1. Can you give me the distance in nm between label points at Asp118 and Glu208, each placed 7 Å from the Cα along the Cα-to-Cβ direction?
2. Under 15 Å Cα to Cα from Lys236, which aspartates and glutamates show up? Leave out anything in the same chain fewer than 8 places away.
3. Given the options Asp109, Asp190, Asp172, which has the most mean-square fluctuation in a GNM of the chain, springs set between C-alpha atoms less than 10 angstrom apart?
4. Check Met86: other-chain or 5+ apart residues with amide H under 5 Å from its amide H, H built from backbone geometry?
5. When DSSP assigns beta bridges and you keep just the ones with both residues in the chain, what percent turn out antiparallel, to the nearest 5?
6. Considering the alpha-carbon set of the chain alone, what are its Rg and its Dmax in angstrom?
7. Can you list residues whose amide H is under 5 Å from Phe228's amide H, if they're 5+ apart or on another chain and H is modeled 1.01 Å from N?
8. About the Cα centre, and with charges only on the beta carbon of Lys, Arg (+1) and Asp, Glu (-1), how big is the dipole of region 145-203? Nearest 20 debye, please.
Amino acid sequence: MDRYNEFAVFYDELMNDFDYEEWGNYIEKIFEKYNIDPRNILEMACGTGSLTYYLARKRYNVIGFDVSSDMLSKAYEKLRPFKNVMLLEQDMVNFEINKKFDSILSICDSINYIIDKDKLYKCFQNVYNHLDNNGVFVFDINSYYKLKEIIGNNTFVEDREDIFYTWQNEFDDIDNVCTFYLTFFKNKGDNLYHRFDEEHMEKAYRVEEIKEILKNIGFAKIDYFDAFSFEPINEKSERINFVAIK
């Protein structure tokens, strides 16, 4: 299902507090730490191509895919100048590309959107199958703590110059799924506003669940760190970065 519809048009504006260039620099530090020199990278759930842009500028060969045609449309606009980028419309669970990669990336808690554990296993198996030997899988998740204690059952409101939105959340303690109900009002001028609504769901996975799946699939080395660092996680870590080596 295409989760990002009208939201795709405003996604970059709403995510302007994310430093994608710094995210790309952190990924390069991971490559250096694990003595990996990738040339061919697969980016899952690439969205509007913000990270893809910085990877391409660093001259990696990047194939990016996303399930949302609207997000890919924005990515095409951003990445048109680059000859070392290819964009595809596929989903994280069932993607199939006739190629293997030195590294596969998934950022910005895209993994949490896979709310069925069997589908997560299939996604990770697909990643493993698309990696070269010694290839590295780098991804992050919103932590269980963040989804349950910080986001879950809370409401957030933000008023920006051109757009106002409310973000209401519900956390299901049985399924460990957080549902986000977003309502946007886009200023069209002359005191006119366009309203649209989005509903998103993220699964709160515990680190042990992620590690078990990766280990069962066959990844040789699995590490995880507090966001954008190489420090151990703690009980209040909000974003957790994983590194899995085939």
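Since every read-out is calculated from the coordinates, none of them should be taken as a lab result. Bear in mind that the values here come from a model prediction, so they are computed numbers and not experimental data. Glycine gets a Cβ as well: all are built from the backbone with ideal geometry, and neighbour counts include every protein chain shown.
1. Placing both labels 7 Å along Cα→Cβ, they lie 2.4 nm apart.
2. By straight Cα distance, Lys236 reaches Glu149, Asp226.
3. Maximum fluctuation in the GNM of the chain, among the listed residues, is at Asp190.
4. Val62, Ile63, Gly64
5. 70
6. In order Rg, Dmax, the Cα atoms of the chain give 18.0, 60 Å.
7. Hits under the 5 Å cutoff: Asn241.
8. Computed charge dipole of region 145-203: roughly 140 debye.
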